[in-house]
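**Student:** A single structure is presented below for examination.
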Amino acid sequence: MVRPMEAEDLEDLYLAASTPEIWKGHPSKDRYQREVFAPYAESLLRRGTTLVVIETRTDQIIGCSSYYVSPDQPNSIAIGFTFLQATYWGGATNFELKRLMLDHAFQSFDEVWFHIAPSNLRSQRATAKLGAEYVGDAVLDLSGVATEWMCYRLREETWNKTCIERATHIGKS
């Protein structure tokens, strides 16, 4: 389940983010530390477009993701600033999170952008599984500092094909 992030979520979000493994591939490898995570989480809250991911069986926050407008694609929407606890990697959770967010985004936009740090191989692979195509690198200020990002674009028709292929694959299992 996802819902908009609230100020009351900050401590639970930190608990979800507090293991070094989550941040190994990110530019901010020490974000598992409270003093590093706190300003990041506050910026996500101020953004006003961050969703927390909740494990419905335990009602615990296990991560988050945000919508944002990319400075190089002002007429499109982007999804990013996503993390999940490591126990939810590689399974259906990330895909379901992105399915909810993408289906919502495609109600208003024809394409969705993802910006991934060059060192974040796990996110690059996960984004490619969604059907997004790498279109190039750009230096963008997405959170207060201009940084190099790998830019991926996902078009609605490609996303629809990905969903059909996934449903067909799951149906054959």
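The values are calculated or read from the model by the stated rules, or taken from the named source; none is laboratory data. Just so it is clear, the model here is predicted, and its values are computed rather than measured. So basically every Cβ, Gly included, is an ideal-geometry build from the backbone, and we count neighbours across all protein chains shown.
**Student:** When the stretch 89-138 is examined, which residues are found to be out of contact with any Gly (no Cβ under 6 Å at 6 or more places or on another chain), of a type outside the set (A, V, I, L, M, F, W, C), crowded, with 17+ Cβ neighbours inside 10 Å and at negative phi?
**Tutor:** Selection gives Thr93, Asn94, Lys98, Glu111, Ser123, Gln124, Thr127.
**Student:** Okay, next question. Which ones in the stretch 143-173 are within 20 Å of Pro27 (Cα to Cα) and either acidic (Asp, Glu) or in contact with a strand residue (DSSP E or B) (Cβ under 6 Å, 6 or more places away or on another chain) (or both)?
**Tutor:** Ala146, Glu148, Trp149, Met150, Cys151, Tyr152
**Student:** Within the stretch 55-76, identify whether any single residue is on the phi > 0 side of the Ramachandran plot, touching a residue at least 12 places away in the same chain (Cβ under 8 Å) and under 12 Å from the mean Cα position of the chain (by Cα), and answer yes or no.
**Tutor:** Scanning the stretch 55-76, I find at least one residue that is on the phi > 0 side of the Ramachandran plot, touching a residue at least 12 places away in the same chain (Cβ under 8 Å) and under 12 Å from the mean Cα position of the chain (by Cα), so the answer is yes.
**Student:** Please work out which residue is modelled with the lowest pLDDT, limiting yourself to the stretch 126-173 and to residues that are among the hydroxyl-bearing types (Ser, Thr, Tyr) and assigned to a strand (DSSP E or B).
**Tutor:** Thr147
**Student:** Of the conditions (1) within 23 Å of Pro27 (Cβ to Cβ); (2) within 12 Å of the chain's Cα centre (by Cα); (3) surrounded by fewer than 19 Cβ atoms within 10 Å (Cβ to Cβ); (4) of a type in the set (A, V, I, L, M, F, W, C), Leu84 satisfies every one except a single condition; which number is it?
**Tutor:** (3) is the only condition that Leu84 fails.
**Student:** Now, a different point. Can you find a residue that is crowded, with 16+ Cβ neighbours inside 10 Å, more than 13 Å from Ser66 (Cβ to Cβ) and touching a residue at least 24 places away in the same chain (Cβ under 8 Å) anywhere in the stretch 26-36?
**Tutor:** yes
**Student:** Okay, moving on. Within the stretch 144-173, restricting attention to residues that are buried (at least 17 other Cβ atoms within 10 Å of the Cβ) and of a type outside the set (A, V, I, L, M), which residue is farthest from Leu45 (Cα to Cα)?
**Tutor:** Looking at the filtered set, the residue picked out is Thr162.
**Student:** Assess whether Glu111 counts as being more than 19 Å from His26 (Cβ to Cβ) and at pLDDT 95 or above.
**Tutor:** So Glu111 fits the description; yes.
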